[in-house]
Amino acid sequence: MRRPLIAGNWKLHKVCDEAVDFARELLDAVGSKTEVDVMVAPTFTSLFPVCQTLKSSPISVGAQDIFWESKGAWTGEISAEMIASTGATHVIIGHSERRQFFGETDETVNKKLKAALSCDLTPLVCIGETDEERSTGKTFDVLKGQIKGAFEGLSPDELAPVVLAYEPVWAIGTGNTATPEMVQEVHAFLRQFVAEFTQKDLANGMRILYGGSVKSGNIAELMALEDVDGALVGGASLEVESFKGIVRYN
Ligand code: PEP
């Protein structure tokens with residue numbers, strides 16, 4: 001079945017030493033065996049030392065973004081191969097903050113997804129509606145469009161490693177977690193839509209994470225939902241104690 005994944009997105013937090021110290025403490029707290037897959041996403045500058053610290057541990061490391069070209073005159077960008085060379089195995093693509101503040105589109109998400117898959121990085125593809133889109137009844141159309149755009153030109157076999165992260169924009173960093181009913185409704189819809197758009201087996205095996213103000217106090221009820229296969233956690237992944245409470249939710 002689908003093994004849950006709990007992923008921490010550190011965003012623009014922690015310099016190298018802090019990131020490495022945190023990784024050590026997290027490893028101590030979580031132990032050498034976990035009941036769920038665990039991943040942390042430091043900034044690019046901390047990827048290599050955090051990967052070294054977590055080498056041979058059950059905690060995976062992911063980048064927060066990626067560029068689609070493999071090399072060339074693209075000042076400031078980081079390729080899939082460069083990410084993989086740090087030891088990182090995962091990458092977050094299309095986070096709503098990238099979409100909101102850095103011009104990320106479904107088209108660039110698609111290019112980044114292809115680049116990640118070409119280097120065997122496990123992509124966490126983020127989708128989600130804004131407050132206005134939800135209140136005007138557009139949630140499902142928005143999500144469909146984001147999935148279609150992201151998966152364009154990729155076969156079911158190629159899409160097999162993809163993890164979807166449903167992150168309603170209005171729930172990110174706001175303390176307003178979506179209700180369990182809302183989350184299950186959307187996750188079931190996403191699985192059904194992925195089945196129709198690609199293949200049923202792919203949809204059944206695809207991990208769909210929820211993200212948006214997840215904390216130790218609400219993770220258990222979210223994880224109990226049939227179509228929730230883990231969480232993408234921002235704020236509550238920044239302290240070892242709170243992240244540990246999420247990873248060890250049961
Ligand atoms: C996120 O950044 O992906 C996120 C879900 O943040 P938070 O948990 O802080 O809402």
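Taking only region 59-83 into account, find how many residues are over 19 Å from LYS11 (Cα atoms) and open to solvent by less than 40 Å² (accessible area, probe 1.4 Å).
So the count comes out to 0.
Hey, among the residues in region 140-176 that are among the hydroxyl-bearing types (Ser, Thr, Tyr) and open to solvent by 10 Å² or more (accessible area, probe 1.4 Å), which one's nearest to the ligand (Cβ to nearest atom)?
This residue is THR174.
Can you name every residue in region 33-59 that is away from the ligand (no atom under 16 Å from the Cβ) and closer than 30 Å to ASP227 by Cβ?
Scanning region 33-59 gives LYS33, THR34, GLU35, VAL36, ASP37, LEU54, SER57, PRO58, ILE59.
Do you know which residues across region 232-248 are more than 11 Å from PHE22 (Cβ to Cβ) and of a type outside the set (A, V, I, L, M, F, W, C)?
Step one: of region 232-248, the residues more than 11 Å from PHE22 (Cβ to Cβ) are 232-236, 241-242, 244-248.
Within region 232-248, GLY234, GLY235, GLU241, SER242, LYS244, GLY245, ARG248 meet the criteria.
Go through region 71-117 and give me each residue that's closer than 21 Å to VAL40 by Cβ, within 16 Å of the ligand (Cβ to nearest atom) and part of a loop (DSSP other than H, G, I, E, B).
GLY94, HIS95
Has region 177-187 got at least one residue that is among the small types (Gly, Ala, Ser), outside any helix (DSSP H, G or I) and either under 15 Å from the mean Cα position of the chain (by Cα) or surrounded by fewer than 19 Cβ atoms within 10 Å (Cβ to Cβ) (or both)? Let's see the steps before the verdict.
Keep residues of region 177-187 that are among the small types (Gly, Ala, Ser), which gives 178.
Okay, now just the ones that are also outside any helix (DSSP H, G or I), so 178.
Now restrict to residues that are either under 15 Å from the mean Cα position of the chain (by Cα) or surrounded by fewer than 19 Cβ atoms within 10 Å (Cβ to Cβ) (or both): none.
Scanning region 177-187, I find no residue that is among the small types (Gly, Ala, Ser), outside any helix (DSSP H, G or I) and either under 15 Å from the mean Cα position of the chain (by Cα) or surrounded by fewer than 19 Cβ atoms within 10 Å (Cβ to Cβ) (or both), so the answer is no.
Residue pairs, Cβ under 8 Å, 6 or more apart or interchain, first in region 207-230 and touching a residue at least 24 places away in the same chain (Cβ under 8 Å) and among the hydrophobic types (A, V, I, L, M, F, W, C), second within 12 Å of the ligand (Cβ to nearest atom) and part of a loop (DSSP other than H, G, I, E, B). List them.
VAL214/THR177; LEU222/THR177; LEU222/VAL214
Taking the condition of being open to solvent by less than 10 Å² (accessible area, probe 1.4 Å) and acidic (Asp, Glu), how many residues in region 28-48 meet it?
Here the count works out to 0.
Can we say ALA236 is within 15 Å of the chain's Cα centre (by Cα), surrounded by 23 or more Cβ atoms within 10 Å (Cβ to Cβ) and not in a loop (DSSP other than H, G, I, E, B)?
no
Please go through region 104-154 and give me each residue that is without any contact (Cβ under 8 Å) to a residue 12 or more places away in the chain and polar (S, T, N, Q), ordered by number.
The answer is SER135, THR136.
Here are some residues: LYS244, LYS215. Which one is more than 30 Å from LEU154 (Cβ to Cβ) and outside any helix (DSSP H, G or I)?
Answer to the check: LYS215.
Quick check on my filter: what residues within region 19-52 are at positive phi and in a strand (DSSP E or B)? Show your work before the answer.
Here is the first cut: in region 19-52, the residues at positive phi are 31.
Within region 19-52, none qualify.
Can you find a residue that is surrounded by 19 or more Cβ atoms within 10 Å (Cβ to Cβ) and at pLDDT below 95 anywhere in region 206-213?
Step one: of region 206-213, the residues surrounded by 19 or more Cβ atoms within 10 Å (Cβ to Cβ) are 206-213.
Checking which are at pLDDT below 95 leaves us with 213.
Yes - at least one qualifying residue is present in region 206-213.
Looking only at region 221-247, which residues are more than 15 Å from the ligand (Cβ to nearest atom) and over 21 Å from PHE189 (Cα atoms)?
If the condition is that a residue be more than 15 Å from the ligand (Cβ to nearest atom) and over 21 Å from PHE189 (Cα atoms), then VAL240, GLU241, LYS244 are the ones that fit.
Say whether the condition of being of a type outside the set (Phe, Trp, Tyr), within 14 Å of the ligand (Cβ to nearest atom) and more than 20 Å from LYS114 (Cα to Cα) is met by at least one residue in region 191-206.
There is no residue in region 191-206 that is of a type outside the set (Phe, Trp, Tyr), within 14 Å of the ligand (Cβ to nearest atom) and more than 20 Å from LYS114 (Cα to Cα).
The values are calculated or read from the model by the stated rules, or taken from the named source; none is laboratory data. Since we're looking at a predicted model, the values are computed, not measured. We place every Cβ from the backbone using ideal geometry, glycine too, and count neighbours over all the protein chains shown. The accessibility values were calculated without ligands, DNA or RNA, using every heavy atom of the protein model including side chains. Shrake-Rupley method; radii C 1.70, N 1.55, O 1.52, S 1.80 Å.
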